[in-house]
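Asks: Okay, here's the structure, questions in a sec.
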């Protein structure tokens, strides 16, 4: 199912106008916002660490993939999205606006 998403690869995508980044590590599959809250760089151009973090390519700020919390000392945090893996695909949960339901 996830053969196309190699571990450590950062896959940018847009779902309902939300830019996010999908990645796979030894600890699972994660989806986080693709915009660094520090200076707006695309996190999908960064890299993942063995500590299950995503690192911004611009200033090297790092964030935990599971919680979105900063692991490099700043008070920044990422939006994280729940992932569900089924036989028919990988599903990312996002909050729909009431008018989109």
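Laboratory data are not the source of any read-out in this text; all were calculated from the coordinates shown. Keep in mind it's a predicted model, so treat the numbers as computed, not measured. FYI the Cβ positions are ideal-geometry reconstructions off the backbone, even for glycines, and counts take in every protein chain you see.
Asks: Relative to a virtual label point 7 Å from the Cα of residue 85 in the Cα→beta-carbon direction, which members of the stretch 26-47 show backbone nitrogen distances below 16 Å?
Replies: The answer is 26-32, whose backbone nitrogens lie closer than 16 Å to the label point.
Asks: How would you order 16-24, 71-79 from highest to lowest mean count of nearby Cβ atoms within 10 Å? Kindly include the intermediate steps, with their values, before the conclusion.
Replies: Values: 16-24: 17.7, 71-79: 14.6.
Put in order of decreasing packing, that is 16-24, 71-79.
Asks: Quick one: if you stick a label point 7 Å off each Cα along the C-beta vector at residue 76 and residue 58, how many nm between them?
Replies: My value for the distance between the label points is 0.7 nm.
Asks: The list (1) 175; (2) 92; (3) 104 gives values of volume of the Cα convex hull per residue in Å³, and only one came from this structure; which label was calculated from it?
Replies: (3)
Asks: If you don't mind, there's one more thing I want to ask. Pop a pseudo-label 7 angstrom from the Cα along the beta-carbon direction at both residue 69 and residue 6 and give the gap in nm to one decimal.
Replies: According to this spin-label approximation, the distance is 3.3 nm.
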